[in-house]
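First up is the structure itself, then whatever we jot down about it.
No value in this document is a laboratory result; all are computed from the given coordinates. What you see is a predicted model, and the numbers here were worked out from it, not measured in a lab. Note that each Cβ is placed from the backbone with ideal geometry, even for glycine, and that neighbours are counted across all protein chains shown.
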2 protein chains.
Amino acid sequence: MPASAPLLLISNDDGIQAPGILSLIEVARQFGEVAVVAPDSAQSGMGHAISVGKPLRIFREQLPGGLTGYAVNGTPADCVKIATGVILDRRPDLILSGINHGSNASVSSIYSGTLSAAREGALQGIPAIGFSLCNYQHDADMHTAQEVATKLIAEALAQPLGPGQLLNVNVPDVHGDAFKGIRLTRQAVGRWVEEFDERTDPYGRKYYWLTGRFALMDEGEDTDEYALRQGYASVTPMMSDLTDYAHKTALADWDLSL
Amino acid sequence: MPASAPLLLISNDDGIQAPGILSLIEVARQFGEVAVVAPDSAQSGMGHAISVGKPLRIFREQLPGGLTGYAVNGTPADCVKIATGVILDRRPDLILSGINHGSNASVSSIYSGTLSAAREGALQGIPAIGFSLCNYQHDADMHTAQEVATKLIAEALAQPLGPGQLLNVNVPDVHGDAFKGIRLTRQAVGRWVEEFDERTDPYGRKYYWLTGRFALMDEGEDTDEYALRQGYASVTPMMSDLTDYAHKTALADWDLSL
């Protein structure tokens, strides 16, 4: 690999030994030098958590293909912080996260550890892409996701993503002719409708398992959810400026005088 | 309290016994019925984490003023989910989170557990406000923050915030004449510049403490950071649609064909 080869930093939230990250590493190695820094255990649903008040440790981890990765006892966002702050001796050109086992479309992007690793890169001014496959199984077929990742990494390097630009890529669990292609999308409006499974432990105390189902509240045909349901992979560009400018304008009516 | 009194759900990320939440409860009780559901321990930096694969438990907690609150062994987002899903018998009219011990302006909003409790309400379609004071100390003076909260809760109920509308309110650590008032703001562009404090444990293994300093990268006079530095409280309306529409338009140049 020439010294000028791009450096691709790879992380995830399912842990450094998950099949999804190994599939993403396999794709990324075609494009440049690969560094892998990922959680030492599953971190699903971690949102953009960081470890405050807990020391982090770094463990070398042998990965397929003779690659040495780094496992960290922290969150996905921690992994990107410690990668750029301690482990790497040059700045990554692109951060890749995933391939997540499970969708991060619509509002799931907000709860997603996969996206938080990518977003942490974006907050540092490094372009980043999060990849997720709409299949929770450990042995999910990663071929369509790998095809999508190959295409998008090539585009992200050829027409480079700008500093801090972030893409949320979701891939439907369809293969062969059932897979229709890639679409640019927006985040669908929807919400998780929570249900709690109430149980009683052997000591007579109640405890609750969080469950839930996703409710789509958006009839648009330009959303990530619509694309996925039609057999397309979705590419949603995401922001780190969370200001609601329209609401800000509307609030000019409020009396804020004290 | 009449049956028609608004129900205000209060949570935080510093834990149910933090002075900040007790200060917010004191203010909120003037406006309606108050329900308190908050983490049983400090949850700073939890981002929008949820507990996947871990059972939640609910503990009754006696609070000042004869109020009974509920402590939950989970994240701020978990607290709001279990409050609306299990604990409360009617839907809250407004969700309040805080008063956080420490600023959540600029990109800190993304790492913030305080904001995630409020955002979880917003995702459920309930209007929500997160309050943070720019002072990390346990014994910080909450008077200015209480004055700001009183004003904003009154406005949020009188000219009601719409379903899912979310405000990120930050209060400077100034009091008396030094406190200038309240301003509508946008999220300042900035980033945390990470530093890791490397140490060696008694067994010869390295470990790292995450530290860092905030770097403001925004000269605008309409930002939360600018307002705070001038002695104003900042009110930044926030979105849950993270789509970057401008970037989406720009990406139309990409070749996404397979």
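Details
- Cα gyration tensor category, rounded, prolate or oblate, for region A:147-194 with a/c compared to 1.5: oblate
- Fewest-first sequence of B:Arg90, B:Arg191 by Cβ atoms within 10 Å of each Cβ: B:Arg90, B:Arg191
- Burial ordering of B:Met142, B:Met46, fewest other beta-carbon atoms within 10 Å first: B:Met142, B:Met46
- P(r) for the protein assembly as shown, from all Cα pairs and a bin width of 20 Å, is 24, 56, 20, 0 %, short bins first.
- Inter-chain shielding of A:244-257 (mean C-beta neighbours from other protein chains, 10 Å cut-off): 6
- Point-charge dipole on Cβ atoms (K/R +1, D/E -1) for the protein assembly as shown, about Cα centre, debye to 20: 700
- Given +1 at the Cβ of Lys and Arg, -1 at the Cβ of Asp and Glu and no other charges, the dipole of chain A around its Cα centre is 640 debye to the nearest 20.
- Cβ-based exposure ranking for B:Lys248, B:Lys151, B:Lys206, A:Lys81, in which fewest neighbours within 10 Å come first: B:Lys206, B:Lys248, B:Lys151, A:Lys81
- Rounded, prolate or oblate (a/c below 1.5 giving rounded, otherwise prolate when a/b exceeds b/c) for chain B by Cα gyration tensor: rounded
- Radius 15 Å from Cβ of B:His175, net charge of other residues (Lys, Arg +1; Asp, Glu -1): -4
- With the convex hull drawn around the C-alpha atoms of region B:95-169, the volume per residue stands at 74 Å³.
- Exercise: per-residue mean of other protein chain Cβ atoms within 10 Å, A:31-42: 0
- Note on region B:47-103: Kirkwood hydrodynamic radius from all Cα pairs is 12.9 Å, rounded to one decimal.
- Beta bridges by DSSP in the protein assembly as shown, antiparallel share as percent, to the nearest 5: 45
- Potential lengthening of the chain between A:Thr150 and A:Asp201 amounts to 13.6 nm, from the contour at 0.36 nm per residue minus the alpha-carbon distance.
- A simple rule links phi to the HN-Hα coupling: the Karplus curve 6.51 cos²θ - 1.76 cosθ + 1.60 with θ = phi - 60°, which for region B:131-139 gives 10, 9, 10, 6, 7, 7, 6, 4, 9 Hz, with x for Gly and Pro.
- Computing FRET efficiency as 1/(1 + (r/R0)^6) for B:Leu258 and A:Arg90, where r is the C-beta to C-beta distance and R0 is 25 Å, gives about 0.20.
- In this structure, B:Leu157 and A:Phe59 have a Cβ-Cβ separation that, at R0 = 35 Å, corresponds to a calculated FRET efficiency of about 0.10.
- Rounded if a/c under 1.5, otherwise prolate or oblate - region B:129-258, Cα gyration tensor axes: oblate
- Exam field: A:Asp222 pseudo-label spacings to other copies (7 Å along Cα-Cβ), nanometres: 2.3
- Over the residues of chain B, the helix contribution to mean residue ellipticity at 222 nm works out to -6500 deg cm²/dmol, using -39500 (n - 2.57) for each DSSP H run of at least 4.
- Among A:Tyr207, A:Ala250, B:Leu7 the positive-end extreme of the charge dipole of the protein assembly as shown (Cβ point charges): A:Tyr207
- Considering only A:Ala145, A:Gly66, A:Cys79, the residue lying farthest towards the positive end of the dipole of the protein assembly as shown is A:Gly66, judged by Cα position with unit charges set on Cβ.
- For the residues of B:148-159, the average number of beta carbons from a partner chain within 10 Å of their own beta carbon is 2.
- Extension gain, B:Tyr136 to B:Thr68: 0.36 nm times the residue separation minus the Cα-Cα distance gives 21.8 nm.
- Shown is the FRET efficiency for B:Arg29 and A:Thr249, computed with R0 = 35 Å from the Cβ-Cβ distance and rounded to the nearest 0.05: 0.60.
- Those lysines that a straight Cα-Cα span of less than 16 Å connects to B:Lys54, excepting residues fewer than 8 apart in one chain: A:Lys206, B:Lys81
- Region A:14-61 and region B:138-199: distance between their alpha carbon centers, rounded to Å: 34
- Most to least packed among B:156-164, B:225-233, A:120-128 [average Cβ atoms within 10 Å]: A:120-128, B:225-233, B:156-164
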